[in-house]
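Here, each number is a calculation from the coordinates, and none is a lab measurement. Quick caveat, the model's predicted, so the values are computed rather than measured. Here the Cβ positions follow ideal geometry from the backbone for every residue, glycine too, while neighbour counts run over all protein chains shown.
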Ligand code: GLV
Ligand code: MN
Ligand code: MN
């Protein structure tokens, strides 16, 4: 079988999807369950219907597009990614795995391939934590990693619960029903941009992910005492933002001094209350994201951060409340899926690097229910989660070709 990827069409579809954005181009902002994200999803669904895929949405808004195999009862082969995008993001994160997955299926159809196992394209719901504070909601629920009860209670910044938001989006089913039955997938494989600099720097066209790092996130709420910026004298201050500043620096220091380059930590959000130029901050909320390839080391950083919170509490007479939003374990890729990807590379003479994914992905949770691996393509300078994120049409097409080969091998 000779597969041909329609590189131009795929590149044009990526451009078309980028138009669905709440930010000015080239930035893309597409937060889950907003009208923009719903329209983008409908547009992708139309493309899936055009090539004969059978569509369904589950109760949390994951979309499944199935190319039914000659043995429809056999466990399916899953592929796909997400189309939601964080604020001020780029065009490629997630999208390459969705539209590339679709083009991989179309290339197999064009070549006359008839899969034995069904091949199913997934467009996950809410991979990004932007709206509900926790990433990969869709894959957490379908893999049973997050309980439906806990999910229902998640709220967005307007205080709307996930249950309310799903209802408004017309998704009425019970969240319990999103959990897939055991053995639903025989394998899962996700194509994604690397979101780091290694492939670009080493001029390697492809990476096969062997392990996904362990992410954790916390919310720290620091309460001090507010008041008039002129009236409250310095010895009397219990400024919540000054305490938060110490914790931000402590977070950075702990990651820098863990002894491993693989430890990373980020404070990406800081809400200051009341947020006035002439008012001492009385309350600050920080988001903390800590990741590592080594679970123990990641947890060690989290413990040290708790001690830093205690020290700042004592030093500055503030209170610090720490809420754990998620602390996930790393995932190993499955040798069967790695083999299907590496055979695809070898068939076409493409070099690849074995890699660790430092970003998390829905594949982290898919690995809990199916053998999983990921295929990375380079992105310029490793930039991601910013408007100048870029992957070349050639690199995207190459990744899509290897994905298609792997899907064919896995589907039989
Ligand atoms: C996913 O976008 C991540 O934050 O790794
Ligand atoms: Mn992302
Ligand atoms: Mn992504």
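Quick one: what do you get for the range 95-160 if you divide its Cα Rg by 2.2 N^0.38 Å? In units of the globular-protein estimate, the range 95-160 measures up at 1.52. Per the Debye formula on identical point scatterers at the alpha carbon atoms of the range 299-393, with no solvent, log10 I(q)/I(0) at q = 0.13 Å⁻¹ is -0.72.
So between residue 70 and residue 150, what do we pick up on full extension, going 0.36 nm a residue minus the alpha carbon distance? Difference between extended and current length: 25.0 nm.
Comparing 384, 258, 217, which has the greatest mean-square fluctuation in the GNM of the chain with Cα pairs linked when under 10 Å apart? Maximum among the listed residues: 258. Restricting attention to the chain, close to 70% of DSSP beta bridges with both partner residues there are antiparallel.
Based on C-alpha pairs under 8 angstrom that are at least 6 apart in sequence, the range 279-412 has a relative contact order of 24 percent. Annotation: extensible slack from residue 385 through residue 253 equals 45.2 nm (criterion: 0.36 nm per residue apart, minus Cα-Cα distance). A straight line joining the Cα centroids of the range 335-406 and the range 168-215 runs 10 Å. No solvent, one uniform scatterer per C-alpha: report log10 I(q)/I(0) for the range 32-147 via the Debye equation at q = 0.15 1/Å, two decimals. One equal scatterer on each Cα of the range 32-147 leads to -0.66. In the chain, the calculated helix contribution to ellipticity at 222 nm averages -11000 deg cm²/dmol per residue, counting -39,500 (n - 2.57) for every DSSP H run with n ≥ 4.
The angle separating the long axis of helix 240-256 from the principal Cα axis of greatest extent in the chain is about 50 degrees. Compared with the dominant principal axis of the Cα atoms in the chain, helix 35-50 is inclined by about 10°. Spin-label model, residue 16/residue 177: points 7 Å from Cα along the beta carbon direction are separated by 3.1 nm. Working from label points 7 Å from Cα in the Cα-to-Cβ sense, the residue 8 to residue 270 distance is 5.0 nm. Rounded to the nearest 10 degrees, what's the angle between the helix 7-18 long axis and the longest principal axis of the chain, both from Cα atoms, 0 to 90? The two axes meet at around 30 degrees. Taking packing as the residue-averaged number of other Cβ atoms within 10 angstrom, the listed peptides 24-34, 295-305, 120-130 run from highest to lowest as 120-130, 24-34, 295-305.
Spin-label model, residue 50/residue 236: points 7 Å from Cα along the beta carbon direction are separated by 6.8 nm. Taking only the alpha-carbon positions of the range 243-355 and ignoring solvent, what does the Debye formula give for the base-10 log of I(q)/I(0) at q = 0.12, 0.19 Å⁻¹? Debye curve over Cα of the range 243-355, log10 I(q)/I(0) at q = 0.12, 0.19 Å⁻¹: -0.58, -1.01.
Binning the alpha carbon pair distances of the chain at 10 angstrom intervals from zero yields the distribution 5, 22, 31, 24, 12, 5, 2, 0, expressed in whole percent.
Taking a point 7 Å from the Cα of residue 198 along the Cα-to-Cβ direction, the residues of the range 253-268 with backbone N closer than 11 Å to it are 262.
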